[in-house]
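Every number here is computed from the coordinates shown, using simple stated rules; none is lab data. All values reported here derive from a predicted model rather than from experimental measurement. Virtual Cβ from ideal backbone geometry, glycine too; neighbours counted across all protein chains shown.
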Amino acid sequence: MTLNDTPPRELSAPTSPAPGAVAAQLRLYIARSTPNSARAQHNLALALEALKGVMPPELEIIDVFSQPKRAIIEGVVVTPTLIATATGKRVVLMGDLADQDHLQRTLQDFLEIEGPAVPGGRNQQSVRQATP
């Protein structure tokens, strides 16, 4: 099986969210196994690992070469691109996600997590959110 034949991998938590909780979804758009895409996957895994004890959001890795229509529908023009969605929220980050502090702050704000994991966590202006 070549990378082109590989369907998108979906990594999701085995548990369901608590009643009333918003199910968050992360979609990481990559371009095969290019260096930037590999770094983005690794950096995202590190950031999610740092949020231990929190219900992890559903994560889907989408190769734009295998599923170009999905990338077009989402408006993805650069890879890697991380799109985080939840009810009424949408956050888009582009690049290899190397800035762990910014990535973790963004995930904390998006998931509405309080905690000291990253200095300057919630309510920072560096997070740009657009409603769909």
- Tell me, what is the percent relative contact order of segment 32-118, built from C-alpha pairs under 8 Å that lie six or more residues apart? 36 percent
- Query: Based on Cα positions only, what radius of gyration and what Dmax would you give for segment 32-118, in angstroms?
  - Reply: 13.1, 39
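Rank by packing, highest mean first: peptides 45-51, 25-31, with packing defined as the count of other Cβ atoms within 10 Å averaged across residues. Before the final figure, lay out the partial values.
Details: 45-51: 15.6, 25-31: 20.4.
The most tightly packed comes first, giving 25-31, 45-51.
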- Item | Segments 62-75, 98-111 sorted - mean Cβ within 10 Å per residue, highest first | 98-111, 62-75
- What is the gain in length, in nm to one decimal, between Ile72 and Thr34 on full extension, counting 0.36 nm per residue of separation less the C-alpha to C-alpha distance? 11.7 nm
